[in-house]
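For reference, the structure discussed in these notes is given below.
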Amino acid sequence: MAIFTEAEARALLTRVVALSKADECTAELTGSIDGNVRFALNAISTSGIVANTDLAVQVAFGKRVGTATINSFDDASLERVVRRAEDLARLAPENPEFVPAVAKQAYTPTNTFSQSTADITPDYRARVASDSIAACKAQKLVAAGFLQDGQSFVAFANSKGNFGYQRSSGLDYTCTVRSEDGRGSGWVGRNVQDANAFVPATDIRTAARKAAGSVDARALEPGKYTVILEPAAAAGLIGFMFNFFGAREADEGRSFLSKKGGGNKVGEQVFDPRVNIYADPAHPEAPALPWDGDGLPRSRLQIVRDGKIASLDYSRYWAQKQGKPATASPGNIIMAGGTKSTADLVRGTQKGILVTRTWYIRMVDPQTVLLTGLTRDGTFYIENGEIKYPLKNFRFNESPVIMLNNIDELGKPVRVKGDESDTIMMLPPMRLRDFTFTSLSDAV
Amino acid sequence: MHRRDFLAATGLAMGGGVLPSFLGRAIAAEELQSTLDVAVKKRLADAALNAAKSAGATYCDVRVGRYMRQFVITREANVQNVVNTESLGTGIRVIADGAWGFAATNEMTVEAVAKAASLATAIAKANAKTQTAPVRLAPTPGVGEVAWKTPIVKNAMAVPLKDKVDLLLGVNAAAQAAGANYVNSMLFLVNEQKYFASTDGSYIDQDVHRIWAPMTVTAIDKASGKFRTREGLSAPMGMGFEYLDGNTKDKFVSPNGVVNYGLSYDMKEDAIAAAKQAQAKLKAPSVKPGKYDLVLDPSHTWLTIHESVGHPLELDRVLGYEANYAGTSFVTLDKVKQRFQYGSPAVSIVADKLQPGSLGAVGYDDEGVKTKKWDLIRDGKLVDLEAIRDQAQILGKSASDGCCYADSWSSVQFQRMPNVSLEPGKTKQSVADMIGGVENGIYIVGDGSFSIDQQRYNAQFGGQLFYEIKNGKLGQQIEDVAYQIRTPEFWNACVGVCDASDYRMGGSFFDGKGQPAQVSTVSHGSSTARFNGINVINTARSLG
């Protein structure tokens with residue numbers, strides 16, 4: 001039984017919490033059914049379905065905490081997992097940063113579940129793969145891609161009477177299309193909650209067009225260029241930066257948001273005044289769960305307002321220590337923009353470079369969030385509002401902080417997910433001045 | 001992809017919370033020392049083999065896996081988290097009608113594994129309908145009932161938790177006393193108890209141990225707002241707790257007194273050095289960009305070998321199976337046939353699944369193939385790739401290279417990078433000798449930032465410690481150094497490798513590949529090596 005109903009989950013969690021003799025107890029039940037299909041060299045390579053349900057129990061005696069998990073739910077198993085957590089807590093050293101479980105909360109449900117995604121069948125997955133392959137074969141192109149879809153639920157209860165339950169769904173499709181001779185490569189990524197919003201035929205056309213159009217790429221000298229980052233290309237850089245919005249690190253002096261002389265940069269102008277970023281669990285296109293990992297209720301939270309830092313992420317311990325209100329960690333990242341599409345931005349560009357995708361992004365210097373990475377699967381030169389020719393890929397060394405001070409224009413935000421992160425973002429395509437490319441890559 | 005953000009991604013460093021599901025269930029520390037009865041494992045394996053054959057499979061392998069992990073995570077005087085986990089189950093892979101099928105179960109009963117074997121066979125038959133060519137498996141001899149164990153001296157799982165906590169808190173206190181503002185340190189211990197059986201007639205029981213003790217020391221200048229970190233210079237190893245004994249004979253002291261470590265690590269000594277060096281970084285001048293001769297310590301070179309040699313020589317990448325995620329390779333089958341000049345004659349690179357102390361060392365791989373050592377690059381020329389049983393015929397080989405791995409009983413095993421290492425130079429040469437010949441260079445210790453393109457041409461690497469070399473002498477510590485390479489040009493710029501007396505390994509616990517993604521562990525050895533005329537950039541920026 002991978003997916004419990006709310007009533008089933010509440011009944012089980014109530015029993016578990018009642019079994020504990022510790023000072024406090026929090027139990028969390030999660031379940032998921034995930035399906036996937038993978039294809040490469042124009043053939044399906046693997047496919048699978050994984051169903052999983054787990055119960056995690058965390059108990060505390062004073063400041064000693066123990067956690068145990070189990071995936072069977074008969075009476076004896078429930079008793080065993082609670083006792084194991086209690087045994088571990090008794091053996092654990094005291095955690096001076098221990099914060100008690102949250103009190104009873106009122107959560108406002110958000111719309112994170114779509115039945116259409118939960119209804120996906122192995123046939124549907126096979127069809128997406130074979131349609132992607134067929135469209136590429138017809139154009140003498142080679143497809144490699146991955147479709148992953150899933151439904152899940154999370155439910156939790158604690159000894160203070162708090163309880164939460166919600167279901168979610170998601171679908172993520174990526175496809176890399178290469179020319180048979182390996183001289184051209186294109187890519188498309190699509191992340192949706194509702195499978196009805198996924199039209200693979202349209203997406204595969206985008207990837208195929210970029211693959212065919214990127215053959216015979218020309219080399220441009222590395223340097224500073226005006227670029228248009230498609231939302232998927234921006235996701236890797238902007239998503240990375242949000243790993244460093246912790247208040248504690250800023251207050252401790254080891255973050256780009258630390259202030260000279262001590263303290264943090266809340267209220268300071270860090271980005272171009274057009275930068276507005278917030279988190280909102282009720283966002284219609286990118287909803288998130290209405291609570292964070294600690295059970296704090298999420299509400300709309302402004303993170304950057306008019307380029308100034310509006311809030312940092314306080315853990316419950318750090319909020320208490322600093323005398324600040326504890327706020328829930330963001331469940332999504334929503335960046336405001338304009339109304340134009342990527343194509344509209346291209347049309348308004350005199351000279352510039354269009355970047356489809358960024359790749360293997362790693363931190364070079366945390367002091368400035370200087371990141372390095374490469375362009376991949378569709379890099380094009382723009383002149384007088386038109387795509388003129390494909391370009392060889394570049395390595396960049398750029399900080400998203402500097403990048404968001406060099407904004408020329410922001411387009412209409414779309415839903416994206418980064419290559420190496422599960423955070424759902426709404427990001428605009430963006431035209432940026434002086435983006436720093438430091439070398440050329442021969443990779444296609 | 002070498003992953004750095006594991007702790008952040010799993011939230012383990014935050015304390016408490018729910019474990020990522022791949023770690024399995026949390027258990028008591030005493031359970032970490034227990035093993036499963038081999039007769040129980042054989043009974044389960046036989047049930048699966050028989051069920052698969054009855055269902056029409058022409059080949060079947062069974063992996064009964066018990067994966068044990070322990071994390072002890074600290075910062076300054078606090079223990080942030082202690083987590084013990086166990087993941088237990090059986091994965092069954094079959095060939096039926098010429099196609100692969102796979103199924104796994106966490107129920108440790110004869111009925112459950114037999115059912116999973118039948119399901120795997122049904123999946124194989126379904127997959128066969130779209131298969132264009134049948135799977136061809138290179139033969140591997142059945143070895144009967146055998147066992148292999150990492151040759152550990154002290155089982156880390158048996159060391160009392162108190163000793164581990166005392167060690168880490170002692171390390172943190174020493175670093176703080178030496179000038180560190182913050183210290184994060186941890187122990188990450190792994191024991192894979194893997195039982196493999198196949199229709200080839202093998203029943204292989206393996207007990208694999210690994211240890212990792214990373215730390216990050218941070219120094220801060222509050223007035224200027226500047227901060228710098230120095231990571232520990234340890235390597236994850238295929239060893240027991242004896243790795244942390246800090247034997248003097250395993251220390252490698254460079255001409256300017258920087259201490260590196262071989263098969264034994266002195267964590268406290270390194271923490272004290274890290275605190276001093278992190279403070280020195282705050283005041284160190286910024287590098288002048290340009291071409292330099294680089295002298296690279298093995299604590300640094302491992303990651304460059306990993307990204308620019310280990311990955312491009314994976315046969316599945318060469319063929320295009322990883323195109324959508326990890327990428328393809330600039331290496332082609334033609335380049336192997338033509339003995340492509342990958343590096344200078346000083347560069348010989350070997351794959352080695354036998355190397356003692358390495359992360360990749362096992363007796364048999366995850367498809368029952370006896371492990372071995374083989375040449376990848378000999379005297380600069382590309383001579384071979386990394387292949388498993390269903391790929392061997394593509395290279396015209398009669399047997400697998402024995403580098404197949406799955407990160408869990410529930411994951412499908414596939415081709416993973418073996419330990420890939422640069423052979424030491426054959427003529428006697430010390431680090432001091434090598435530096436003595438450099439006019440204008442930089443000496444780099446420790447691994448830092450890393451990034452490489454999807455065909456493994458263009459890479460950029462940072463480090464932990466950088467020292468100027470002027471007219472054969474090591475000079476001041478400098479900062480903001482990263483070098484950019486084009487893979488074949490870089491390896492062809494290698495003009496020398498120190499002799500075997502300087503040989504050490506580095507490695508990764510989190511080499512990522514595949515969709516759904518799997519992680520693997522791998523070591524890379526080398527002696528200090530020199531590369532001439534490499535492009536160095538300055539990474540300092542100002543946020544105004």
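The values are calculated or read from the model by the stated rules, or taken from the named source; none is laboratory data. Every value quoted in this text rests on a predicted model; they were computed, and no experiment measured them. When we count neighbours, we look across all protein chains shown, and the Cβ atoms used for this are built from the backbone with ideal geometry, even at glycine.
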Exercise for the section: Show the residue pairs that are 6+ apart or on different chains and have beta-carbon atoms under 6 Å apart, the first residue being within segment A:311-330 and over 19 Å from A:Tyr278 (Cβ atoms), the second being of a type in the set (Asp, Glu). Expected result: A:Arg316/A:Asp294; A:Tyr317/A:Glu97
Exercise for the section: Could you give me the residue pairs with C-beta distances under 6 Å whose first residue belongs to segment B:78-91 and is more than 8 Å from chain A (Cβ to nearest Cβ), whose second residue is aromatic (Phe, Trp, Tyr) wherever it lies, and which are 6+ apart or on separate chains? Expected result: B:Ser87/B:Tyr67; B:Gly89/B:Trp409; B:Thr90/B:Trp409; B:Gly91/B:Trp409
Exercise for the section: Could you list all residues from segment B:518-544 that are within 14 Å of chain A (Cβ to nearest Cβ) and over 17 Å from B:Glu307 (Cβ atoms)? Expected result: B:Gln518, B:Val536, B:Ile537, B:Asn538, B:Thr539, B:Ala540, B:Arg541, B:Ser542, B:Leu543, B:Gly544
Exercise for the section: Name the one entry in A:Asp54, A:Asp23, A:Asp74, A:Asp123 that is free of Cβ contacts under 8 Å to residues at least 12 places away in the same chain and farther than 28 Å from B:Ala124 by Cα. Expected result: A:Asp74
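When you check A:Gly323 against the structure, is it modelled with pLDDT of 95 or more, surrounded by fewer than 16 Cβ atoms within 10 Å (Cβ to Cβ) and on the phi > 0 side of the Ramachandran plot, yes or no? Spell out how you get there, then give the answer.
On the way: modelled with pLDDT of 95 or more: yes; surrounded by fewer than 16 Cβ atoms within 10 Å (Cβ to Cβ): yes; on the phi > 0 side of the Ramachandran plot: yes.
Yes; evaluated as a whole, the condition is true for this residue.
Quick one: is B:Ala112 within 14 Å of chain A (Cβ to nearest Cβ) and closer than 20 Å to A:Gly35 by Cα? Quick ask: steps written out before the conclusion?
Details: within 14 Å of chain A (Cβ to nearest Cβ): yes; closer than 20 Å to A:Gly35 by Cα: no.
No; evaluated as a whole, the condition is false for this residue.
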Exercise for the section: Just give me the residues in segment B:414-423 being of a type outside the set (A, V, I, L, M, F, W, C) and buried (at least 22 other Cβ atoms within 10 Å of the Cβ), in sequence order. Expected result: B:Gln415, B:Arg416, B:Pro418, B:Asn419, B:Ser421
Handout entry: Qualifying residue in segment A:54-64 (condition: of a type in the set (D, E, K, R), facing chain B (nearest Cβ under 8 Å) and surrounded by fewer than 20 Cβ atoms within 10 Å (Cβ to Cβ))
Key = yes
Completion exercise
By residue number, the members of segment B:372-406 that are buried (at least 22 other Cβ atoms within 10 Å of the Cβ), under 20 Å from the mean Cα position of the chain (by Cα) and in a loop (DSSP other than H, G, I, E, B) are B:Leu385, B:Ala387, B:Ile388, B:Asp401, B:Gly402, B:Cys403, B:Ala406
Exercise for the section: Can you tell me which residue within segment B:461-485, out of those that are in contact with a Phe, Trp or Tyr (Cβ under 7 Å, 6 or more places away or on another chain) and without any contact (Cβ under 8 Å) to a residue 60 or more places away in the chain, is farthest from the other protein chains (Cβ to nearest Cβ)? Expected result: B:Gly475
Exercise for the section: Check A:Arg125 against each of (1) within 11 Å of chain B (Cβ to nearest Cβ); (2) touching a Gly at 6+ places or on another chain (Cβ under 7 Å); (3) in a helix (DSSP H, G or I) and name the one condition it does not meet. Expected result: (1)
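Taking the options A:Val188, A:Val177, name whichever one is farther than 17 Å from A:Gln148 by Cα and not charged (D, E, K, R).
Working: A:Val188 fails: farther than 17 Å from A:Gln148 by Cα.
Checking each option against the conditions leaves just A:Val177.
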Completion exercise
Among the residues of segment A:9-36, the number that are surrounded by 16 or more Cβ atoms within 10 Å (Cβ to Cβ), more than 10 Å from chain B (Cβ to nearest Cβ) and either of a type in the set (Asp, Glu) or closer than 30 Å to A:Thr174 by Cβ (or both) is 4
Exercise for the section: Scan segment B:448-460 for residues that are in a strand (DSSP E or B), in contact with a helix residue (DSSP H, G or I) (Cβ under 7 Å, 6 or more places away or on another chain) and at the interface with chain A (Cβ under 8 Å from one of its Cβ atoms) and jot them down. Expected result: B:Phe450, B:Ile452
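Does A:Ala51 count as out of contact with any Lys or Arg (no Cβ under 7 Å at 6 or more places or on another chain) and in the same structural domain as A:Leu141 (by TED's automatic domain parsing)? Outline the logic, then answer.
Details: out of contact with any Lys or Arg (no Cβ under 7 Å at 6 or more places or on another chain): yes; in the same structural domain as A:Leu141 (by TED's automatic domain parsing): yes.
So A:Ala51 fits the description; yes.
Could you name every one of the strands (runs of 3 or more DSSP E) located completely within segment B:257-355 that has at least 3 residues being aliphatic (A, V, I, L, M) and in contact (Cβ under 8 Å) with a residue 24 or more places away in the chain?
Working: elements: B:259-261, B:290-296, B:349-352.
The strands (runs of 3 or more DSSP E) meeting that bar are B:290-296, B:349-352.
In segment B:426-446, which residue that is β-branched (Val, Ile, Thr) and touching an Asp or Glu at 6+ places or on another chain (Cβ under 8 Å) is surrounded by the fewest Cβ atoms within 10 Å (Cβ to Cβ)?
Applying the first criterion (β-branched (Val, Ile, Thr)) to segment B:426-446 yields B:427, B:431, B:435, B:438, B:442, B:444-445.
Those still in the list that are touching an Asp or Glu at 6+ places or on another chain (Cβ under 8 Å) too: B:427, B:431, B:438, B:442, B:444-445.
Numbers: B:Thr427: 10, B:Val431: 23, B:Val438: 22, B:Ile442: 22, B:Ile444: 26, B:Val445: 25.
Filtering first and then ranking leaves B:Thr427.
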Handout entry: Residue list for segment A:353-401, filter: more than 8 Å from chain B (Cβ to nearest Cβ), in a loop (DSSP other than H, G, I, E, B) and surrounded by fewer than 24 Cβ atoms within 10 Å (Cβ to Cβ)
Key = A:Asn384, A:Gly385, A:Lys392
Fill in the blank from the handout: Of the residues in segment B:486-503, those that are away from chain A (no Cβ under 14 Å) and surrounded by fewer than 24 Cβ atoms within 10 Å (Cβ to Cβ) number 10
Practice task
Scan segment A:174-183 for residues that are surrounded by fewer than 23 Cβ atoms within 10 Å (Cβ to Cβ) and of a type outside the set (Asp, Glu) and jot them down.
Solution key: A:Ser179, A:Gly182, A:Arg183
Fill in the blank from the handout: In segment B:216-247, anything assigned to a strand (DSSP E or B) and away from chain A (no Cβ under 14 Å) is listed as B:Met237
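Results for (1) under 19 Å from B:Ser54 (Cα atoms); (2) under 33 Å from the mean Cα position of the chain (by Cα); (3) modelled with pLDDT of 90 or more; (4) not basic (Lys, Arg), shown as yes or no for each residue.
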{"residue": "B:Asn106", "(1), (2), (3), (4)": "no, yes, no, yes"}
{"residue": "B:Ala117", "(1), (2), (3), (4)": "yes, yes, yes, yes"}
{"residue": "B:Ala122", "(1), (2), (3), (4)": "yes, no, yes, yes"}
{"residue": "B:Ala128", "(1), (2), (3), (4)": "yes, no, no, yes"}
{"residue": "B:Pro134", "(1), (2), (3), (4)": "no, yes, yes, yes"}
Handout entry: strands (runs of 3 or more DSSP E) completely within segment A:1-108 that count 3 or more residues being at pLDDT below 95 and of a type in the set (Ser, Thr, Tyr)
Key = A:43-61
Problem - Filter result for A:Pro273 (out of contact with any strand residue (DSSP E or B) (no Cβ under 6 Å at 6 or more places or on another chain), away from every other protein chain (no Cβ under 14 Å), touching a residue at least 60 places away in the same chain (Cβ under 8 Å) and surrounded by fewer than 20 Cβ atoms within 10 Å (Cβ to Cβ)) - result: no
Completion exercise
Checked segment A:402-440 for anything farther than 25 Å from B:Gln454 by Cα, within 11 Å of another protein chain (Cβ to nearest Cβ) and among the charged types (D, E, K, R); matches are none
